[in-house]
Amino acid sequence: MSLYSIKMRASTNQTHISGAEKIIPYDQIGPFVNQLVQRGMHHPKGNPDSLNLKIETIDERDILYIEALPVRTIEVGSCRDGIEEIRKFLLSLGLAHPDNILRFLSETYAMRGAILLDVDTLERLEPDGKRGVRATYMDADRTSGGPSGNGKDHYAEAIVLATKVAHAPNLIGEICISDDPDYVTGYVASKTTGYTRITKMKELGSENGGRIFLYRGRREDVAKTISFLEKQPVIVRNIQPLEVPTHAIDKFSFIDAALQEMQEAHLYRSLKTVQSAQSSTVQSHGREMIMMASNSYLDMSRVEEVRDYAAYALKKYGTGSGGSRLTTGNTILHEMLENKIAEFKHTEAALVFNTGYVANLATISALMEKPDIIFSDELNHASIIDGCRLSGAKTVIYRHNDMRDLEEKILANPCHKGLIVSDAVFSMDGDIVNLPQLVQIADRYHLLSMVDEAHATGVIGKTGGGIVEHYHNTYRPDIVMGTLSKAIGSEGGFVCGRKNLIDYLRNKARGFIFSTSLSPVTMAASYKALEFIEKNPQRVTDLQNNVQFFCDCLRQRGLPVSSDTGIIPIIIGDEEKALQVSQELFNRGYYISAIRYPTVKRGSARLRIALMATHTQDQLQRAASAIVQILKEKEVLPW
Ligand SMILES: *Cc1c(COP(=O)(O)O)cnc(C)c1O
């Protein structure tokens with residue numbers, strides 16, 4: 001049977017633009033001719049003024065079938081490293097003086113073919129020194145599922161060429177750098193080393209490409225080598241698809257490294273799954289547990305009236321709000337909630353944000369900007385820190401709840417406009433800001449004052465009114481921020497204060513303007529919860545009593561703790577140990593989180609216990625016993 005060799009060569013003024021060849025059966029001549037003509041006529045280097053197409057028959061019995069050289073890729077960062085890899089290749093072929101050979105590279109730059117270099121005498125053996133030696137009559141085997149033959153597979157063409165060259169008599173290897181200015185990857189190849197791609201052999205934009213065939217043998221055999229290269233039809237089988245090594249293209253390697261680092265430092269975070277409503281007991285990982293980590297201090301999410309009202313809102317308004325508050329997302333429930341918050345906090349007005357996090361981000365960044373100065377407690381919540389960063393204002397950190405330090409820092413950093421911002425109840429320590437002094441200092445220095453009541457609303461103050469009520473309604477910060485996601489048991493953040501502040505935020509706070517508003521369901525839940533708390537102040541008292549009872553239980557068992565909020569931290573220090581203790585508590589049915597860096601300082605890992613109004617005294621006693629016992633077992637407690 002006959003096969004056909006097709007060769008295409010396109011040129012302008014005798015200079016080569018592109019060329020390609022195939023060995024194919026008769027019935028494929030048409031499509032391939034078409035393809036090669038397309039390729040030759042539309043080359044990025046320019047349109048040719050002449051295109052030669054040559055079709056010849058080949059006797060199938062003359063064809064030599066060769067297995068493709070195995071391929072590997074070496075990633076290098078620079079051409080210098082690329083050249084170093086060529087040196088190593090030459091050394092591996094037993095050539096002791098690679099530089100003698102590398103010198104010839106520049107001589108090949110303008111040539112169409114390759115230099116045929118005698119590696120021992122360093123003589124050039126090609127008969128035509130301008131043209132060089134070229135390998136032709138070759139193709140990839142398309143029957144063995146190799147390259148598709150779409151006419152553009154430069155990689156497969158390079159493997160075919162290199163495989164043929166590597167099998168030529170007396171050739172011990174090949175060096176190849178493309179002259180395509182956009183292509184910096186080159187290769188070295190030999191029967192012994194296979195085909196090695198080297199990702200950088202020249203600078204991008206350079207046309208200095210070239211080829212050297214490395215000859216070792218008798219002078220009288222050169223003709224045999226050249227004849228093989230130029231006449232022997234070869235079909236190369238089993239070309240493996242190009243697989244760039246994963247490390248080379250792994251855009252995500254920094255992610256794996258970061259994850260591994262976190263794991264080694266016991267700072268990796270994973271999720272636990274809760275399979276029931278957030279309450280004093282929950283179903284988790286297939287069993288009932290006592291929940292002592294939730295910020296749902298008043299257990300509102302279990303209150304029938306709250307759930308019923310949310311269900312009513314769901315029926316009436318559906319699930320989503322369809323747009324930001326300023327477009328479609330404002331319902332009567334949103335407005336009712338804001339009025340309710342303002343009433344609950346005894347301020348002129350309130351504005352609801354999608355989360356407490358966003359409330360801080362949006363409010364601080366709307367109020368403060370570049371020349372302004374923000375004075376921020378060192379233990380403030382991450383959302384305050386991020387809001388300060390986003391604002392662009394200078395942020396001065398003062399020592400935790402240290403009003404003398406605050407005042408000194410204010411004196412050292414005079415400004416026209418500024419803000420003092422603090423958690424009301426510190427989220428990881430459970431202590432309370434010195435509001436009277438903070439407000440007085442702010443007024444004295446004409447600074448705005450802002451407190452974050454995430455853990456204060458519904459928790460402190462006789463009726464759960466928060467920080468202002470805690471200090472007997474004597475001192476009021478200018479800006480009160482809080483969340484609906486903790487004691488209120490729902491979702492969302494809020495800011496309240498005077499009317500012009502709220503008007504300003506409604507117009508300026510990007511986190512309010514550019515985000516779809518919370519659904520009416522959420523609004524309804526928050527609204528009813530606030531109403532419930534107003535009507536049932538006993539709920540707040542229950543929480544406060546539980547905290548005192550539980551602290552008593554722990555103290556009786558030898559653990560010196562105290563708290564006036566819903567949060568009772570037990571400092572352990574070491575991150576790994578804190579995790580172990582938390583896990584052991586978890587195993588015994590107590591859901592208590594270990595808090596680690598970056599939520600708290602490194603080396604100050606802790607159990608953060610958060611109580612609910614609905615925990616029973618029996619549950620609290622049992623939990624206290626379990627905690628103390630495990631702390632002893634893990635040798636956190638010294639006795
Ligand atoms: C939880 C918390 C927030 C964020 O509130 P979300 O509604 O959960 O986004 C902000 N500030 C403090 C102090 C918090 O504890």
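The values are calculated or read from the model by the stated rules, or taken from the named source; none is laboratory data. Keep in mind it's a predicted model, so treat the numbers as computed, not measured. Here the Cβ positions follow ideal geometry from the backbone for every residue, glycine too, while neighbour counts run over all protein chains shown. Areas reflect the complete protein model, heavy atoms only, side chains present, ligands, DNA and RNA absent. Shrake-Rupley method; radii C 1.70, N 1.55, O 1.52, S 1.80 Å.
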For residue 332 and residue 45, FRET efficiency with R0 = 56 Å and r from the beta-carbon atoms, rounded to 0.05?
0.20
Let me have the 222 nm mean residue ellipticity of the chain computed from DSSP H runs of 4+ only, each contributing -39500 (n - 2.57), with the sum over all residues rounded to the nearest 500.
-10500 deg cm²/dmol
Starting from the residue with the highest accessible area, list 428, 450 in decreasing order, probe 1.4 Å.
428, 450
Total charge of the residues flanking residue 402 in space, meaning their Cβ is under 11 Å from its Cβ, with Lys and Arg +1 and Asp and Glu -1, is -2
State, to one decimal in nm, how far the label point of residue 574 lies from the label point of residue 508, with both points 7 Å from Cα in the Cβ direction.
5.0 nm
For the chain, give the percent of accessible area contributed by carbon and sulfur heavy atoms, probe 1.4 Å, rounded to a whole number.
50 percent
In debye, nearest 20: dipole of the range 67-193 around its Cα centre with unit charges on the Cβ of K, R (+) and D, E (-)?
120 debye
For the range 538-639, take the alpha-carbon Rg, divide it by the Kirkwood Rh, and send me Rg/Rh.
0.96
Relative packing of 518-524, 228-234, which averages over residues the other C-beta atoms within 10 Å, highest first
518-524, 228-234
At R0 = 60 Å the Cβ-Cβ FRET efficiency linking residue 230 and residue 269, nearest 0.05, sits at 0.40
Please get the size of the charge dipole for the chain, origin at its Cα centre, with Cβ charges of +1 on Lys and Arg and -1 on Asp and Glu, quoted in debye to the nearest 20.
380 debye
Quick check: from the Cα gyration tensor, does the range 451-602 come out rounded (a/c under 1.5), prolate or oblate?
prolate
D (µm²/s, integer) via Stokes-Einstein for the chain, Kirkwood Rh across alpha-carbon pairs, 10 °C, 1.306 mPa s: value 51 µm²/s
Determine which residues of the range 579-620 fall in the zone a paramagnetic label at residue 545 would reach in this model, i.e. backbone nitrogen under 18 Å from the point 7 Å along Cα→Cβ.
611-620
Could you give the nm distance between label points at residue 240 and residue 65, where each point is 7 Å from its Cα heading toward the beta carbon?
2.1 nm
Leaving out ligands, DNA and RNA but keeping every protein chain, what accessible area does residue 340 have, in Å² rounded to the nearest 10, with a 1.4 Å probe?
20 Å²
For the chain, calculate the relative contact order in percent as a whole number, restricting contacts to Cα pairs under 8 Å that are 6 or more residues apart.
12 percent
Any chance you could look up the accessible area of residue 584 with a 1.4 Å probe, heavy atoms only, rounded to 10 Å²?
50 Å²
So how do 391, 92 rank on accessible area, 1.4 Å probe, biggest first, that is with the largest at the start?
92, 391
Under a 1.4 Å probe, what is the accessible area of the chain per residue, stated in Å²?
47 Å²
Three principal axis lengths of the range 301-535 [C-alpha, angstrom, descending]:
57, 37, 28
Counting DSSP beta bridges with both ends in the chain, the antiparallel % (nearest 5)
65 percent
Local electrostatic count, residue 414, Cβ distance below 14 Å [Lys/Arg +1, Asp/Glu -1]:
+1
Given unit charges at Cβ for Lys, Arg (+) and Asp, Glu (-), the dipole magnitude of the range 2-61 about its Cα centre in debye, nearest 20, is 220 debye
With a cap of 15 neighbouring Cβ atoms within 10 Å, and only residues DSSP puts in a loop, list the GluC sites (Glu not before Pro) found in the range 118-215.
123, 203, 207
Run the quick spin-label model on residue 88 and residue 562: label points 7 Å from Cα toward the beta carbon, then report their separation in nm to one decimal.
6.7 nm
Report the gain in length on full extension from residue 203 to residue 55: 0.36 nm times residue separation, minus Cα-Cα distance, nm rounded to one decimal.
49.6 nm
Add +1 for every Lys or Arg and -1 for every Asp or Glu among the other residues with Cβ under 13 Å from the Cβ of residue 365, and state the total.
+1
With N set to the number of residues, divide the alpha-carbon radius of gyration of the range 2-61 by 2.2 N^0.38 Å and report two decimals.
1.17
Determine, from the Cβ-Cβ distance of residue 462 and residue 75 and an R0 of 56 Å, the FRET efficiency 1/(1 + (r/R0)^6), rounded to the nearest 0.05.
0.25
